[in-house]
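The values are calculated or read from the model by the stated rules, or taken from the named source; none is laboratory data. Everything numeric here is computed off the predicted structure, so don't read it as measured data. Note: ideal-geometry Cβ built from the backbone for every residue, glycine included; neighbour counts use all protein chains shown.
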Amino acid sequence: MEKKTVIALVVIAILILLGILIVPRFTGQAIKAVPKAQEILDDSDIEFKTQGDWEWTAYYDKYHRTGYRYVEKDGEGVGTWDPWNMPGEYEVYAWWPQGQREIDLEVASPEVKYEITHKDGIDEVIVNQKIDGAQWNYLGTYEDIETVKIYSSEQGTVFADAIKLVSTYYQI
């Protein structure tokens, strides 16, 4: 055997032993998916860009990683996560901080628009950032994601903290 073939067989054997690669028995059934993988993109990552009146802070508790961005009610802005064209199907989740006092909840917008650009077009999802902060909030499942955008709102302050992309499968 050639050296490349031997190396490939050794790598496959190691992956099988580690449980990373599942080899189906020849039963005529389709190959099943392996466990889900995820990618978290924070507002501090290079994949996040802003246009407009966005500011950065770590004022509220329960934000993801290093703080978050926000644009106030009277401001304008678009924030864009660019996950470098993620091939495959992904569940998309958003995280925003949670205020600790009643006044914090009063400033948050009840209508925040996320826009997901994917293989089949563009979908808009409206969320209420007055509730469900400090947790992953499901936005939908999409194939071949290009960008996830968040827009300012005349209804209140918009918080951009992080998105999570969870693969629904691996292709073997």
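Here are some notes:
- Only listed residue being surrounded by fewer than 21 Cβ atoms within 10 Å (Cβ to Cβ), at pLDDT below 95 and more than 18 Å from Arg69 (Cβ to Cβ), chosen from Tyr169, Tyr138: Tyr169
- For Ala134: the one exception among (1) in contact (Cβ under 8 Å) with a residue 12 or more places away in the chain; (2) within 23 Å of Asp53 (Cβ to Cβ): (2)
- Look at (1) in a loop (DSSP other than H, G, I, E, B); (2) buried (at least 21 other Cβ atoms within 10 Å of the Cβ); (3) in contact (Cβ under 8 Å) with a residue 60 or more places away in the chain and you find that Phe159 fails only one, number (1).
- Hey, Ile150 within 21 Å of Val78 (Cβ to Cβ) and in contact with a Gly (Cβ under 8 Å, 6 or more places away or on another chain) or not: yes
Rundown of residues vs (1) β-branched (Val, Ile, Thr); (2) at pLDDT below 90; (3) surrounded by fewer than 17 Cβ atoms within 10 Å (Cβ to Cβ), yes/no style:
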| position | (1), (2), (3) |
| --- | --- |
| Trp56 | no, yes, yes |
| Asp61 | no, yes, yes |
| Thr66 | yes, yes, yes |
| Lys73 | no, no, yes |
| Asp82 | no, no, no |
| Pro87 | no, yes, yes |
| Val92 | yes, no, no |
| Pro97 | no, yes, no |
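- Against the list (1) in contact with a Ser or Thr (Cβ under 6 Å, 6 or more places away or on another chain); (2) at pLDDT 70 or above, the condition Lys36 fails is (2).
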